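These notes concern the structure reproduced below.
Taken together, the values in this text are just the output of simple stated rules run on the coordinates, not laboratory data. Worth saying up front: this structure is predicted, and the values here are computed from it rather than measured. Positions of Cβ are generated from backbone atoms using ideal geometry, with glycine treated the same way; all protein chains shown enter the neighbour counts.
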Amino acid sequence: MKKIYLTLFMIAAALFIHAQTVVPGGIVHGTWTTSGSPFLIEGDINIPTQDSLIIEAGVTVNFQGSYSLDVQGKILALGSILTPILFTAADTVEGYKGVRLNVVSPINDSSIFEYCRFEHGYAYEEWPYNSGAGIFMIGTNKVRVENCTFYNNRGVFTGGVHRPGGGAIALWN
């Protein structure tokens with residue numbers, strides 16, 4: 001009888017335990033699936049020109065420190081109303097530096113964010129890094145943001161010439 005209970009317990013545990021994927025700093029591309037979620041970001045990450053990152057509905061992207069996701073290529077973060085994609089920070093005070101689309105090459109297709117939640121982004125330092133703690137875009141118009149929510153994101157003025165351009169979203173040029 002103990003064997004049956006132990007087997008049932010192991011099956012139930014396997015169904016409820018989610019994998020996690022540690023992502024060190026550096027280049028990222030490919031597809032992030034729910035089976036690998038949460039994705040624990042442990043350094044600044046970058047999608048190079050002509051590469052793409054697809055993030056499936058229901059994935060959590062959890063920044064383990066004050067890191068950013070820099071996009072020079074393309075990102076498709078396609079959540080759904082029932083299974084949004086979550087961009088968040090392990091430390092809700094320190095936050096993370098946001099998703100940054102900084103002068104994306106016109107040869108890339110558009111990046112799309114649908115049904116995503118951006119929370120605990122913290123943009124600071126000198127301009128432009130004190131803007132757009134959720135999503136920051138400069139020098140690109142190939143981005144679509146639909147049905148996304150932003151919670152507790154902030155940009156902080158630390159002095160210098162420019163003030164922050166939005167805690168949640170910043171659009172420049």
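If I model a spin label as a point 7 Å beyond the Cα along the Cα-Cβ vector, how far apart are those points for residue 27 and residue 110 in nm? Between residue 27 and residue 110, the simple spin-label model gives 2.7 nm.
Modelled spin labels at residue 20 and residue 64, positioned 7 Å past Cα toward Cβ, are 0.8 nm from each other. With only the Cα atoms considered, segment 85-150 has a convex hull volume of 79 Å³ per residue.
Binning the C-alpha pair distances of segment 15-93 at 10 Å intervals from 0 yields a P(r) profile of 20, 53, 26, 2 %, listed from the shortest bin outward. Evaluating 6.51 cos²θ - 1.76 cosθ + 1.60 at θ = phi - 60° for every residue in segment 20-28, the Karplus couplings come out as 9, 10, 8, 10, x, x, x, 7, 10 Hz, glycine and proline recorded as x. Once the chain from residue 151 to residue 90 is taken as fully extended at 0.36 nm per residue, the excess over their C-alpha distance is 20.5 nm.
Eigen-decomposition of the gyration tensor built on the alpha-carbon atoms of segment 47-122 gives equivalent ellipsoid semi-axes of 21, 16, 8 angstrom, largest listed first.
Segment 64-173: D in µm²/s via Stokes-Einstein (Kirkwood Rh, Cα pairs, 20 °C, 1.002 mPa s)? Stokes-Einstein gives a translational diffusion coefficient of 155 µm²/s.
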